[in-house]
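Novice: Quick one: the structure is below, questions incoming.
The values are calculated or read from the model by the stated rules, or taken from the named source; none is laboratory data. Just so we're clear, the structure is a prediction, and the values are computed from it rather than from any experiment. As a convention, Cβ positions derive from the backbone with ideal geometry for all residues, glycine included, and neighbour counts pool all protein chains shown. Quick note on the areas: whole protein, heavy atoms, side chains included, nothing else; ligands and nucleic acids left out. Shrake-Rupley method; radii C 1.70, N 1.55, O 1.52, S 1.80 Å.
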Amino acid sequence: MTNVVLLHGLANNEAIWAPLAGHWRAGLDIHAPRLPWHGGGIADWRHETDSAARLQDVLDAIPGGAGVVVAHSFSSLVLLELLSRRAAAADPLDVPAVVLVNPFYRSDAESFHWNMIAPTLDDFPRTMAESIRLRTSGHTIEPELLADMARRMTEWIGPYGWLRFFDTYLRTPLFRVDLVEAPALVIGGAADRSAPAAEARHLAARLPAGESVTVPGCGHFPMLERPDWFTGAVHAFLDRIPDRTRPLAGTRPLAGT
């Protein structure tokens, strides 16, 4: 069995991976831990200054070791920081491969301008609304109610929670991604207004064993929008990397890559 660890993003929880349950193939042991920055735990984490260390604790607790790690959004940044930190210390994280989903990443500190702060902050409620809408598919939510739910979520996350995300994003130019040798698949959504697919492609180009794929017409939550495509992309990636990450043969061909 190959362990696959699924790391949810900021203010979500492990349920965000639920649509994938019927799409994984045999030979994969799926773990979806609840992270310190989950939707019900912001109060206990929002003052944290070393989220990478907290993530290390989570990965250490996975029975049999972490295996392949799939991280979405904010968690992709935290995982990238942990990978870079361990690589720089000549003690690389023992994972055979990683999948970074809709990451926020810039390699040049000068590309962060003052006038990007307000739009990034203002876009946060829209991202929360996208998550709520997709997770409640099949139920009609009036636009006013959806906006109110998203606004309440952002208020609950508060300035500390948002700043933990933005501070990590600002530090991505300092991450020694050039030292991270683990095979990495970087997934971006072509219609992602929060984390542009161009940033995913740029990160993949900076990683020594990185490759990128862009999901056509997809936003910030490909695991919710296109679960069959998503698992197919992960399966195909596992088939292209060393044997210890490879479960069983027989991946379906990918569409739209």
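Novice: Looking for something more than 27 Å from Val95 (Cβ to Cβ) and touching a residue at least 40 places away in the same chain (Cβ under 8 Å) - is there at least one such residue anywhere in the stretch 160-169? Explain how you work it out, then say what you get.
Specialist: Within the stretch 160-169, the first condition is being more than 27 Å from Val95 (Cβ to Cβ), and the residues that meet it are 160, 162-163.
Applying the additional criterion that residues be touching a residue at least 40 places away in the same chain (Cβ under 8 Å) yields 160, 162.
Within the stretch 160-169, one or more residues are more than 27 Å from Val95 (Cβ to Cβ) and touching a residue at least 40 places away in the same chain (Cβ under 8 Å).
Novice: For the structure I just gave you, tell me whether Trp37 is more than 15 Å from the chain's Cα centre (by Cα), among the aromatic types (Phe, Trp, Tyr) and assigned to a loop (DSSP other than H, G, I, E, B). So that I can check it myself, show each step before the final result.
Specialist: On the way: more than 15 Å from the chain's Cα centre (by Cα): no; among the aromatic types (Phe, Trp, Tyr): yes; assigned to a loop (DSSP other than H, G, I, E, B): yes.
No: the conditions fail for Trp37.
Novice: For Asp122, all conditions in the list (1) within 25 Å of Leu28 (Cβ to Cβ); (2) part of a helix (DSSP H, G or I) hold save one; what is the number of the exception?
Specialist: (1)
Novice: From the list Leu100, Leu77, Leu55, which residue is closer than 29 Å to Arg152 by Cα, outside any helix (DSSP H, G or I) and open to solvent by less than 10 Å² (accessible area, probe 1.4 Å)? Before the answer, list the steps.
Specialist: Details: Leu77 fails: outside any helix (DSSP H, G or I); Leu55 fails: outside any helix (DSSP H, G or I).
Of Leu100, Leu77, Leu55, the one residue that is closer than 29 Å to Arg152 by Cα, outside any helix (DSSP H, G or I) and open to solvent by less than 10 Å² (accessible area, probe 1.4 Å) is Leu100.
Novice: Which of the numbered conditions does Asp60 fail, given that it passes all the others? Conditions: (1) of a type outside the set (Gly, Ala, Ser); (2) modelled with pLDDT of 95 or more; (3) crowded, with 18+ Cβ neighbours inside 10 Å.
Specialist: Of everything listed in (1) of a type outside the set (Gly, Ala, Ser); (2) modelled with pLDDT of 95 or more; (3) crowded, with 18+ Cβ neighbours inside 10 Å, Asp60 misses just condition (3).
Novice: Let me ask another. Go through the stretch 103-114 residue by residue and tally those that are open to solvent by 50 Å² or more (accessible area, probe 1.4 Å) and in a loop (DSSP other than H, G, I, E, B). Walk me through it before giving the result.
Specialist: In the first step, residues of the stretch 103-114 are kept if they are open to solvent by 50 Å² or more (accessible area, probe 1.4 Å); the result is 106, 108-110, 113-114.
This time we only want the ones that are in a loop (DSSP other than H, G, I, E, B), so: 106, 108, 113.
Qualifying residue count, the stretch 103-114: 3.
Novice: With the requirement that a residue be buried (at least 21 other Cβ atoms within 10 Å of the Cβ) and either free of Cβ contacts under 8 Å to residues at least 12 places away in the same chain or in contact with a Ser or Thr (Cβ under 6 Å, 6 or more places away or on another chain) (or both), what does the stretch 198-212 give you?
Specialist: Those that are buried (at least 21 other Cβ atoms within 10 Å of the Cβ) and either free of Cβ contacts under 8 Å to residues at least 12 places away in the same chain or in contact with a Ser or Thr (Cβ under 6 Å, 6 or more places away or on another chain) (or both): Ala200, Ala204.
Novice: Which of the residues spanning the stretch 86-97 are in contact with a Lys or Arg (Cβ under 8 Å, 6 or more places away or on another chain) and either of a type in the set (A, V, I, L, M) or under 22 Å from Phe165 (Cα atoms) (or both)? Working first, answer last.
Specialist: The first filter runs over the stretch 86-97 and keeps only residues in contact with a Lys or Arg (Cβ under 8 Å, 6 or more places away or on another chain), leaving 87-88, 92-93, 96.
Across the stretch 86-97, the qualifying residues are Ala87, Ala88, Leu93.
Novice: Could I ask something else about it? Out of the residues in the stretch 185-197 meeting the condition of being in contact with a helix residue (DSSP H, G or I) (Cβ under 6 Å, 6 or more places away or on another chain) and in contact (Cβ under 8 Å) with a residue 40 or more places away in the chain, tell me which one is surrounded by the most Cβ atoms within 10 Å (Cβ to Cβ).
Specialist: Start the filter on the stretch 185-197 by keeping residues that are in contact with a helix residue (DSSP H, G or I) (Cβ under 6 Å, 6 or more places away or on another chain), which leaves 185-186, 188-190, 194.
Next, only the ones that are in contact (Cβ under 8 Å) with a residue 40 or more places away in the chain stay: 185-186, 188-189, 194.
On the way: Leu185: 26, Val186: 28, Gly188: 26, Gly189: 24, Ser194: 17.
Looking at residues that are in contact with a helix residue (DSSP H, G or I) (Cβ under 6 Å, 6 or more places away or on another chain) and in contact (Cβ under 8 Å) with a residue 40 or more places away in the chain, I get Val186.
Novice: Taking Ala11 as the residue in question, decide whether it is in a helix (DSSP H, G or I) and either touching a residue at least 24 places away in the same chain (Cβ under 8 Å) or under 15 Å from the mean Cα position of the chain (by Cα) (or both).
Specialist: Values: in a helix (DSSP H, G or I): no; either touching a residue at least 24 places away in the same chain (Cβ under 8 Å) or under 15 Å from the mean Cα position of the chain (by Cα) (or both): yes.
Considered against the rule, which asks whether it is in a helix (DSSP H, G or I) and either touching a residue at least 24 places away in the same chain (Cβ under 8 Å) or under 15 Å from the mean Cα position of the chain (by Cα) (or both), Ala11 comes out as no.
Novice: Looking for something hydroxyl-bearing (Ser, Thr, Tyr) and either at pLDDT 95 or above or crowded, with 20+ Cβ neighbours inside 10 Å (or both) - is there at least one such residue anywhere in the stretch 37-49?
Specialist: Here is the first cut: in the stretch 37-49, the residues hydroxyl-bearing (Ser, Thr, Tyr) are 49.
The next check asks that each one be either at pLDDT 95 or above or crowded, with 20+ Cβ neighbours inside 10 Å (or both); those that pass are none.
Scanning the stretch 37-49, I find no residue that is hydroxyl-bearing (Ser, Thr, Tyr) and either at pLDDT 95 or above or crowded, with 20+ Cβ neighbours inside 10 Å (or both), so the answer is no.
Novice: Additional query: When the stretch 30-72 is examined, which residues are found to be within 26 Å of Val186 (Cβ to Cβ) and of a type in the set (Val, Ile, Thr)?
Specialist: Ile30, Val58, Ile62, Val68, Val69, Val70
Novice: Kindly indicate whether Asp91 is open to solvent by 30 Å² or more (accessible area, probe 1.4 Å), farther than 12 Å from Leu179 by Cβ, at pLDDT 95 or above and charged (D, E, K, R).
Specialist: Details: open to solvent by 30 Å² or more (accessible area, probe 1.4 Å): yes; farther than 12 Å from Leu179 by Cβ: no; at pLDDT 95 or above: yes; charged (D, E, K, R): yes.
Here the answer is no, as Asp91 does not meet what is asked.
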